[in-house]
């Protein structure tokens, strides 16, 4: 019985890890944009949704050409990332860039407007129905891992997320663009004076965040097997919650917040009831924000006047 | 038309002529009546049999009430043309209750005073319930084509009430029956989508299963649109049920069954009519093969139904949601009068419960509560990417 109990625990842990990785990938987009320009990009969930549709189209085109599973996955992933990055760039240029320097509420409203626009756009040009998403990840039976059954897709989702996040940390820490991003985060004016092209770096941030969301979108859509125009909504809210949980603006915080949220939901479902999944997740959020108002890894900065 | 100059000039004569004609007509009709009443001694009365049709014929809910009125009118006209029943013609009196309980009781009193022997109606459950209190006193058989509130028949306080539509809990009862009798399940997991329809159905199924002694291992709600359901799937795998009953709509249904099959859960899946949508199969693909779905039986291919639909179409009318149920109610009523050779409430009631009648809903009968048997929910199974109706 105890080994049984441990196996169940482990399986719930894998579920939480998978879900958490997806939350983390999307939370990174929220937190990077917030860190650099102090704006919540409400259209981020919609970029995730559009990336899923692009992946679907690309995968469809590839399978008509008769490519193998792995090449389809890679091509769909690349196409979705590039397309999502282009959307991120355009959204920033259309909805946020013209409002830079205005009141904080104006870009918030244009972000919500952008989100509604993108959703309606997909309804019009694609469909309002659910469409099936092909399984892009080779299908082999579940296998035992550390004594609990895990699905290969779940393992791949976790692995890819870890690789992507490590790459991002390296990029932020050591590349020139990453350093420029951190510089702008600290002091935009000073960075500009020192020769950093602020507009370009902000665009780059949007593009990176959107590409990360695309990775999450392709992985989870392939796992679930269906998408529609509304999939970005709940995911967006959960990822935003994860970003706040970890401390918005902090990149390790987003990753940690995503994992904690995913695991909490999974264990709440497994040991209590799936009815209370969201109750537990958001109670935890409230609890953490009471104890650490800036989030787990966030630093509270004082507004300079 | 020009009157002839002669008639115009002799105005008095014209009046006399008219009076004579009218009197003559009256005499002949009197004579006819006399003949008819003398007939009465041998065979049952040949005065028309009066049947009431009550429901919302105006107002917001008229789209529910008018089709029953139309189909009954068509059925009655056809029957009269063919010679009526027991040698008597049928006369339909339609009354509008606007689906309001207060008006429904007035309508009921009015119909009784006009001498109806039975009523087809009322349409809304609330109005029907109110009207039944009046009909009960007068022992008038009432057949509703559309009132689905379970209380109307379950409490047994309306011995003269019947309906040709299954009540709200019928789908849950069919599901539970199927799970117990056909799938022979002992351990069941019930999942729902927290919505009105899904949770409502799931709760009823759970109640029915428990009353049949089935063990409910889990009763869980999921959030529609959540990223994935793998934690719940693992919980189901851990519980190891024979059957998973899901209350909700097709997007969540296909997601859950897909993940469950990938996780190698072998349990049978069953759901309500919320899943009987082509896109369920389109999206679920091979993972939804073998999925059971309860849904109203397909009656569009019955010859009688096709005929009634054509008759309605010729008049520019439609069967709507309850038109065919009303037609079936009329057919069952006439058959009851015919077989019992009587228009007395007790005889009609007994005959209604004994007869099996071919109607626009297929072959139907009524159980001891007055609920329809043989119409309503069927079980379908996904087979080769199609919903196939099961006979069980």
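State which residue is nearest to the other protein chains (Cβ to nearest Cβ) when the search covers only region A:118-134 and only residues that are assigned to a helix (DSSP H, G or I) and surrounded by 15 or more Cβ atoms within 10 Å (Cβ to Cβ).
A:119
Quick check on region A:182-200: of everything there that is in contact with a helix residue (DSSP H, G or I) (Cβ under 6 Å, 6 or more places away or on another chain) and closer than 25 Å to residue A:256 by Cβ, which residue is surrounded by the most Cβ atoms within 10 Å (Cβ to Cβ)?
Ranking the qualifying residues of region A:182-200, first place goes to A:184.
Is region A:207-217 home to any residue that is out of contact with any helix residue (DSSP H, G or I) (no Cβ under 6 Å at 6 or more places or on another chain) and either under 21 Å from residue B:283 (Cα atoms) or more than 14 Å from chain B (Cβ to nearest Cβ) (or both)?
yes
Test residue B:298 against the criterion of being more than 14 Å from chain A (Cβ to nearest Cβ) and either assigned to a loop (DSSP other than H, G, I, E, B) or surrounded by fewer than 24 Cβ atoms within 10 Å (Cβ to Cβ) (or both), and give yes or no.
So residue B:298 passes the test.
With the condition kept exactly as written, say whether any residue in region A:175-182 is touching a residue at least 60 places away in the same chain (Cβ under 8 Å) and farther than 28 Å from residue A:17 by Cα.
Our first condition is that a residue be touching a residue at least 60 places away in the same chain (Cβ under 8 Å); within region A:175-182, this holds for A:181.
When the remaining residues are screened for being farther than 28 Å from residue A:17 by Cα, the result is A:181.
Taking every residue of region A:175-182 in turn, at least one turns out to be touching a residue at least 60 places away in the same chain (Cβ under 8 Å) and farther than 28 Å from residue A:17 by Cα.
Of all the residues that make up region A:248-259, how many are touching a helix residue (DSSP H, G or I) at 6+ places or on another chain (Cβ under 7 Å) and assigned to a helix (DSSP H, G or I)?
Summing the residues that are touching a helix residue (DSSP H, G or I) at 6+ places or on another chain (Cβ under 7 Å) and assigned to a helix (DSSP H, G or I) in region A:248-259 gives 8.
Only one of these is crowded, with 23+ Cβ neighbours inside 10 Å and at negative phi: B:223, B:128, B:148. Name it.
From the options B:223, B:128, B:148, the qualifying one is B:128.
Are any residues in region B:234-249 surrounded by fewer than 24 Cβ atoms within 10 Å (Cβ to Cβ) and within 11 Å of another protein chain (Cβ to nearest Cβ), and if so, which ones?
B:236, B:237, B:238, B:239, B:249
I need the full set of residues from region A:1-34 which are away from chain B (no Cβ under 14 Å) and either over 30 Å from residue A:189 (Cβ atoms) or buried (at least 23 other Cβ atoms within 10 Å of the Cβ) (or both), in order please.
If the condition is that a residue be away from chain B (no Cβ under 14 Å) and either over 30 Å from residue A:189 (Cβ atoms) or buried (at least 23 other Cβ atoms within 10 Å of the Cβ) (or both), then A:2, A:28, A:29, A:30, A:31, A:32, A:33 are the ones that fit.
Within region A:68-78, take every residue that is within 21 Å of the chain's Cα centre (by Cα) and crowded, with 18+ Cβ neighbours inside 10 Å and give me the one that is farthest from residue A:225 (Cα to Cα).
Filtering region A:68-78 for residues that are within 21 Å of the chain's Cα centre (by Cα) and crowded, with 18+ Cβ neighbours inside 10 Å, the one farthest from residue A:225 (Cα to Cα) comes out as A:75.
Quick check on region B:198-213: of everything there that is surrounded by fewer than 23 Cβ atoms within 10 Å (Cβ to Cβ) and touching a helix residue (DSSP H, G or I) at 6+ places or on another chain (Cβ under 6 Å), which residue is nearest to the other protein chains (Cβ to nearest Cβ)?
The qualifying residue nearest to the other protein chains (Cβ to nearest Cβ) is B:204.
Answer yes or no as to whether residue A:262 is within 11 Å of chain B (Cβ to nearest Cβ), more than 25 Å from residue A:299 (Cβ to Cβ), in a helix (DSSP H, G or I) and modelled with pLDDT of 90 or more.
Considered against the rule, which asks whether it is within 11 Å of chain B (Cβ to nearest Cβ), more than 25 Å from residue A:299 (Cβ to Cβ), in a helix (DSSP H, G or I) and modelled with pLDDT of 90 or more, residue A:262 comes out as no.
For residue A:277, all conditions in the list (1) at pLDDT below 90; (2) in a helix (DSSP H, G or I); (3) under 29 Å from residue A:88 (Cα atoms) hold save one; what is the number of the exception?
Checking residue A:277 against (1) at pLDDT below 90; (2) in a helix (DSSP H, G or I); (3) under 29 Å from residue A:88 (Cα atoms), the one that fails is (3).
Can you pull out every residue in region A:237-247 that is away from chain B (no Cβ under 11 Å) and either at pLDDT below 90 or assigned to a helix (DSSP H, G or I) (or both)?
Result: A:240, A:241, A:242, A:243, A:244, A:245, A:246.
Determine, yes or no, whether residue B:374 is modelled with pLDDT under 90, surrounded by 13 or more Cβ atoms within 10 Å (Cβ to Cβ) and within 23 Å of residue B:151 (Cα to Cα).
Working: modelled with pLDDT under 90: yes; surrounded by 13 or more Cβ atoms within 10 Å (Cβ to Cβ): yes; within 23 Å of residue B:151 (Cα to Cα): yes.
Yes.
Within region B:275-291, which residues are closer than 13 Å to residue B:380 by Cβ and within 14 Å of chain A (Cβ to nearest Cβ)?
B:275, B:277, B:278, B:280, B:281, B:288
If you take the residues in region A:35-67 that are touching a helix residue (DSSP H, G or I) at 6+ places or on another chain (Cβ under 9 Å) and outside any helix (DSSP H, G or I), which one is surrounded by the most Cβ atoms within 10 Å (Cβ to Cβ)?
A:41
Just the residues that are touching a helix residue (DSSP H, G or I) at 6+ places or on another chain (Cβ under 7 Å) and within 14 Å of chain A (Cβ to nearest Cβ), please, taken from region B:258-273.
B:258, B:259, B:260, B:261, B:263, B:265
Residue-wise test of (1) touching a helix residue (DSSP H, G or I) at 6+ places or on another chain (Cβ under 8 Å); (2) farther than 19 Å from residue B:338 by Cβ.
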{"position": "B:51", "(1), (2)": "yes, no"}
{"position": "B:66", "(1), (2)": "no, yes"}
{"position": "B:88", "(1), (2)": "no, no"}
{"position": "B:94", "(1), (2)": "yes, yes"}
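Restricting region B:264-294 to residues that are part of a loop (DSSP other than H, G, I, E, B) and in contact with a strand residue (DSSP E or B) (Cβ under 7 Å, 6 or more places away or on another chain), which is nearest to residue B:236 (Cα to Cα)?
Ranking the qualifying residues of region B:264-294, first place goes to B:267.
Any idea how many residues of region B:172-198 are in a helix (DSSP H, G or I) and at pLDDT 90 or above?
Number of matching residues: 11.
Return yes or no: is residue B:128 part of a loop (DSSP other than H, G, I, E, B) and within 20 Å of the chain's Cα centre (by Cα)?
Here the answer is no, as residue B:128 does not meet what is asked.
Quick one: would you say residue A:97 is surrounded by fewer than 21 Cβ atoms within 10 Å (Cβ to Cβ), within 26 Å of residue A:241 (Cα to Cα) and modelled with pLDDT under 95?
On the way: surrounded by fewer than 21 Cβ atoms within 10 Å (Cβ to Cβ): yes; within 26 Å of residue A:241 (Cα to Cα): yes; modelled with pLDDT under 95: yes.
Yes; evaluated as a whole, the condition is true for this residue.
The values are calculated or read from the model by the stated rules, or taken from the named source; none is laboratory data. Keep in mind it's a predicted model, so treat the numbers as computed, not measured. Cβ: placed from backbone, ideal geometry, glycine included. Neighbour counts: every protein chain shown.
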